[in-house]
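Undergrad: Please see the structure below; I have some questions.
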Amino acid sequence: MVSRGSTAVQDVVIRTHEKVELRNPILVEGLPGVGNVGKLAADYLRDQLPTKPLATIHSKFFPPQVYVGEDGVIRLVSNELTYWRAPAAAQRDLLVLGGDYQGISPEGQYELTEAVLRFCHELGTKEVYTLAGFAQGHVVERPKVLGAATSPARVEAMKRFGVLFSRNDPGGGLIGASGLFLGLGRLYDMEGVCLMGETSGYFVDPRSAEAVLKVLTNALHIEIDFADLEAKAKEIDRIAQRIHDSEPKAAEGPAPPREDLGYIG
């Protein structure tokens, strides 16, 4: 639902900052989830391109919360939709969705996803990439990227970029925005792919975000600098190592059941 200055309380309000005409845009979704893999990847892509603000999304389905900045000024939690005009004629423009939260209820997940899809559909979007983390329950030094797609042709296309498709993973399906944007996107004639970076699931994982983002940028023929993301990954590695070194050695036991850890988000 698009609103400009309306005083009525609505479930989802999308406030646009400017009107744009985009060239066959592709939607990239990266909201908070396991390891914050999708959010890290989308935020980094947004900053590296760089994108421009297009719309701010407010909703009853976000937590009843405001953030307080260093200057003491508050900001209502929200999601942000930004856009990037591709410089080359052979490329397509991008819409990047990021933000503070996914919907906090199943109803909210559906309402928010459909509102954004409707908005993007009106801008000519026919393709969606969702970015997420796939929890393995242990530290992953070289994360692989798993995939799910809306058609066999998409599966075969993404295999060329090293994406793995397995009958068993993810065992419980795609949970949250990363799955709904593909599923509901079909109602708007959008095709799509979910890229899931392996992650421990225990902490923020820039290395997994980098793996996902490298696949995405290769597939979309976009060049960005990964130096800052690699530096973040090394810092997280140092923190994780210090935590590991400070913990008392426990007796080895059986690993937790895999099905309890494979959450997508």
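The values are calculated or read from the model by the stated rules, or taken from the named source; none is laboratory data. Quick caveat: nothing in here was measured; it's all calculated off a predicted structure. So basically every Cβ, Gly included, is an ideal-geometry build from the backbone, and we count neighbours across all protein chains shown.
Undergrad: Which ones in region 178-217 are assigned to a helix (DSSP H, G or I) and of a type in the set (Ser, Thr, Tyr)?
TA: Step one: of region 178-217, the residues assigned to a helix (DSSP H, G or I) are 178-188, 206-217.
Hits for region 178-217 are 178, 188, 208, 217.
Undergrad: Which one of the conditions (1) at positive phi; (2) at pLDDT below 95 does residue 87 fail to meet, given that it meets all the rest?
TA: Status for residue 87: all satisfied but (1).
Undergrad: Working only within region 122-146, note down all residues that are outside any loop (DSSP other than H, G, I, E, B), touching a residue at least 40 places away in the same chain (Cβ under 8 Å) and surrounded by fewer than 22 Cβ atoms within 10 Å (Cβ to Cβ). Give the steps one after another, and end with the answer.
TA: Restricting attention to region 122-146, the residues satisfying the condition of being outside any loop (DSSP other than H, G, I, E, B) are 122, 127-135, 145-146.
Subsequent filtering for residues that are touching a residue at least 40 places away in the same chain (Cβ under 8 Å) retains 127-135, 145-146.
Answer for region 122-146, where residues must be outside any loop (DSSP other than H, G, I, E, B), touching a residue at least 40 places away in the same chain (Cβ under 8 Å) and surrounded by fewer than 22 Cβ atoms within 10 Å (Cβ to Cβ): 127, 146.
Undergrad: Please list, ordered by first then second residue, the pairs with beta carbon atoms under 6 Å, 6 or more apart or interchain, first in region 34-63 and of a type in the set (A, V, I, L, M), second assigned to a helix (DSSP H, G or I).
TA: 37/208; 37/209; 40/206; 40/209; 41/209; 41/212; 41/213
Undergrad: A further question on this structure: Is there a residue being aliphatic (A, V, I, L, M) and either surrounded by fewer than 21 Cβ atoms within 10 Å (Cβ to Cβ) or at pLDDT below 95 (or both) anywhere in region 45-56? Full working, then the answer.
TA: Step one: of region 45-56, the residues aliphatic (A, V, I, L, M) are 45, 49, 54-55.
Now drop any that are not either surrounded by fewer than 21 Cβ atoms within 10 Å (Cβ to Cβ) or at pLDDT below 95 (or both), which leaves 49.
Yes, the conditions are met somewhere in region 45-56.
Undergrad: Residue 104 is checked against (1) surrounded by fewer than 17 Cβ atoms within 10 Å (Cβ to Cβ); (2) among the hydrophobic types (A, V, I, L, M, F, W, C); (3) closer than 18 Å to residue 211 by Cα; (4) under 17 Å from the mean Cα position of the chain (by Cα) and fails just one. What number does that condition carry?
TA: Result: residue 104 passes all but (3).
Undergrad: A further question follows. For the structure I just gave you, tell me whether residue 62 is at pLDDT below 95 and under 17 Å from the mean Cα position of the chain (by Cα). Even if it seems obvious, please write down each step before you answer.
TA: Working: at pLDDT below 95: no; under 17 Å from the mean Cα position of the chain (by Cα): yes.
So residue 62 does not fit the description; no.
Undergrad: Does region 53-72 include one or more residues that are in contact with a helix residue (DSSP H, G or I) (Cβ under 6 Å, 6 or more places away or on another chain) and part of a loop (DSSP other than H, G, I, E, B)?
TA: There is at least one residue in region 53-72 that is in contact with a helix residue (DSSP H, G or I) (Cβ under 6 Å, 6 or more places away or on another chain) and part of a loop (DSSP other than H, G, I, E, B).
Undergrad: I need every pair where a residue in region 81-107 that is in a loop (DSSP other than H, G, I, E, B) has its Cβ under 7 Å from the Cβ of a residue that is of a type in the set (Ser, Thr, Tyr), sequence separation at least 6 or different chains.
TA: Going by the 7 Å Cβ cut-off, the qualifying pairs are 93/83; 100/78.
Undergrad: Can you name the residue in region 174-207 that is among the small types (Gly, Ala, Ser) and within 12 Å of the chain's Cα centre (by Cα) and is also nearest to residue 136 (Cα to Cα) among such residues?
TA: Residues of region 174-207 that are among the small types (Gly, Ala, Ser), as a first pass: 176-179, 183, 185, 192, 197, 200-201.
Adding the requirement that they be within 12 Å of the chain's Cα centre (by Cα) leaves 176-179, 197.
Numbers: 176: 18, 177: 20, 178: 17, 179: 18, 197: 10 Å.
It comes out as 197.
Undergrad: Give the residues of region 218-229 that are without any contact (Cβ under 8 Å) to a residue 24 or more places away in the chain and outside any loop (DSSP other than H, G, I, E, B), sorted by residue number. Let's see the steps before the verdict.
TA: So the first thing to find is which residues in region 218-229 are without any contact (Cβ under 8 Å) to a residue 24 or more places away in the chain, and the list is 223, 226-227.
Correct list: 227 only.
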